[in-house]
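Taking it in order: structure first as structure tokens, then the write-up.
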Amino acid sequence: MVPELASRAHELNIVPVVSEAVSRAGLRNSDITAIAFTRGPGLLGSLLVGTSFAKTLGLALDVPTVMVNHLQGHVLANFVRQEGVPVNEPSFPYLCLLVSGGNSQIVRVDDPLHFEILGQTIDDAVGEAFDKCSKMMGLGYPGGPIIDRLAAQGDPTRFKFAKPHIPGLDYSFSGIKTSLLYFVRDEMAKDPDFMENNKEDICASFQKALIDILMDKLIKAAAQTGIREITIGGGVSANSGLRDRLVAEGRRRGWNTYLPQFKFTTDNAAMIAIAGYYHYLAGERAPLDVAPVSRASDF
Ligand code: KG4
């Protein structure tokens, strides 16, 4: 991702995309009562385009704007409703395993406006581990979907990778990345075709190791809080191994599990709209001088 190119693409596309979204929804601009926008965290250049556009459109249509934390959008993705799709919403409080290219967190959600991060990664996000390891193995980018597809044809018990020992509910994914790097390097020194001949088993074993790490802490968080309503969100929540494992673990432990629809797992505007809707109902309005923030801690 080149930040400069991403922000130029936002500038080029934001007007046609919003116009098309409004017309596909069968609405006119005069039907819009409020505009939700992502304040952050994310790439600052792209956020600046979105924030400025939302403020300008709000002024032009004379409607309020509401700012949303991108991560809260992921956490609330299950609340997006669609005609003809059964409602699949957790009750409060619930836990959300939020896993993306930038974050790996366990979030406690007490209501649509109140969240607490119980644990998070101290180094790489799990999506980064998928992406960087896929690149290292020469498989391509983004790595998550590629590893997911190859893993489905492999044996997850064939190879073992070192698990981190991090106290509490925090995660770490940099060690397992190094473990895979050394493993592949050593095996390739013995057999140059090792990667090509074993990529399905490597992907399946590596993916299983990542899911084990994610699930161990989620199980611990559920035990510590006594919460049995469990959701997942973020780009990595599209992973078929993680989705299957969550459902299986939920059956075993008496959890109610909720999987977001695939189209609401990676970044999307519908989840920002639903988060914005709750802030709007609570009477929150974005001041005209609000600036975007790139880091979650600055929100
Ligand atoms: O939430 P997202 O769209 O963007 C942010 O990080 O904000 O997540 C992107 C991440 C990438 O790391 C990508 O490799 C990962 O989600 N991803 C997956 C899958 N689909 C996307 N990871 C594992 N399995 C997948 N099927």
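The values are calculated or read from the model by the stated rules, or taken from the named source; none is laboratory data. Just so we're clear, the structure is a prediction, and the values are computed from it rather than from any experiment. Don't worry about glycine lacking a Cβ; one is built from the backbone with ideal geometry, like all the others, and counts go over all protein chains shown. To get the accessible areas, we keep the full protein, side chains included, count just its heavy atoms, and leave off ligands, DNA and RNA. Shrake-Rupley method; radii C 1.70, N 1.55, O 1.52, S 1.80 Å.
What the Cα atoms of the chain give is an Rg and a Dmax of 20.6, 68 Å.
Here the spin labels are modelled as points 7 Å beyond Cα on the Cα-Cβ line, and at SER19 and ALA60 they lie 0.9 nm apart.
Remark: spin-label model distance ASP155-ALA282 equals 5.1 nm, labels positioned 7 Å along the Cα→Cβ axis. Among LEU76, LEU47, LEU59, the largest mean-square fluctuation in a Gaussian network model of the chain, built with springs joining Cα atoms closer than 10 Å, belongs to LEU59.
Each residue of the range 112-117 was assigned a 3J(HN,Hα) from its phi angle through the Karplus expression (A = 6.51, B = -1.76, C = 1.60, θ = phi - 60°), giving x, 10, 10, 10, 9, 7 Hz with x at Gly and Pro.
For the range 46-108 versus the range 224-253, the spacing of their alpha-carbon centroids is 20 Å.
Charge dipole (Cα centre; +1 on Lys/Arg Cβ, -1 on Asp/Glu Cβ; no other charges) of the chain amounts to roughly 400 debye.
Over the range 187-299, what lengths in whole Å, largest first, do the semi-axes of the equivalent ellipsoid take, defined as the square roots of 5 times the eigenvalues of the alpha-carbon gyration tensor?
With the √(5λ) rule applied to the range 187-299, the semi-axes are 36, 22, 14 Å.
Where Rh is the Kirkwood radius over the Cα pairs of the range 151-251, the temperature 10 °C and the viscosity 1.306 mPa s, what D in µm²/s does Stokes-Einstein return? For these conditions, the coefficient is 106 µm²/s.
Simple rule: put +1 on each Lys or Arg Cβ and -1 on each Asp or Glu Cβ in the chain, find the dipole, and look at THR51, PHE130, SER7; the Cα lying farthest toward the positive end is PHE130. With a sphere of radius 14 Å drawn around the Cβ of GLY226, what net charge do the other residues whose Cβ falls strictly inside it have (Lys, Arg +1; Asp, Glu -1)? That works out to +2. Only helical runs count toward this figure. For the chain, summing -39,500 (n - 2.57) over DSSP H runs of n ≥ 4 and dividing by all residues gives -15500 deg cm²/dmol at 222 nm. What is the P(r) of the range 1-134, as percent of Cα-Cα pairs per 10 Å bin from 0? Cα pair-distance distribution for the range 1-134, in percent: 10, 30, 36, 22, 2. Across the accessible surface of the range 191-299, with the other protein chains kept in place and a 1.4 Å probe, carbon and sulfur atoms take up 50 percent.
For the range 66-120, list log₁₀ I(q)/I(0) at each q in 0.22, 0.23, 0.30, 0.31 Å⁻¹, using the Debye formula over Cα point scatterers of equal strength and ignoring solvent, two decimals each. Scattering profile of the range 66-120, log10 relative to I(0): -0.88, -0.95, -1.29, -1.33. Applying the criteria of a DSSP loop state and at most 14 other Cβ atoms within 10 Å to the trypsin sites (Lys or Arg not before Pro) of the range 1-80 yields ARG28. The label point for ARG185 and the one for ILE122, both projected 7 Å from the Cα toward the Cβ, are 2.3 nm apart. Heavy-atom accessible area with a 1.4 Å probe sorts HIS70, HIS114, HIS10, largest first, into HIS114, HIS10, HIS70.
Entry comment: accessible area of the range 21-149 is 46 Å² per residue, from protein heavy atoms only and a probe of 1.4 Å. Accessible surface computed residue by residue for the range 231-291, with neighbouring protein chains in place and a 1.4 Å probe, gives 49 Å² per residue.
Please report, as a whole percent, how much of the solvent-accessible surface of the range 60-120 comes from carbon and sulfur atoms (probe radius 1.4 Å).
47 percent
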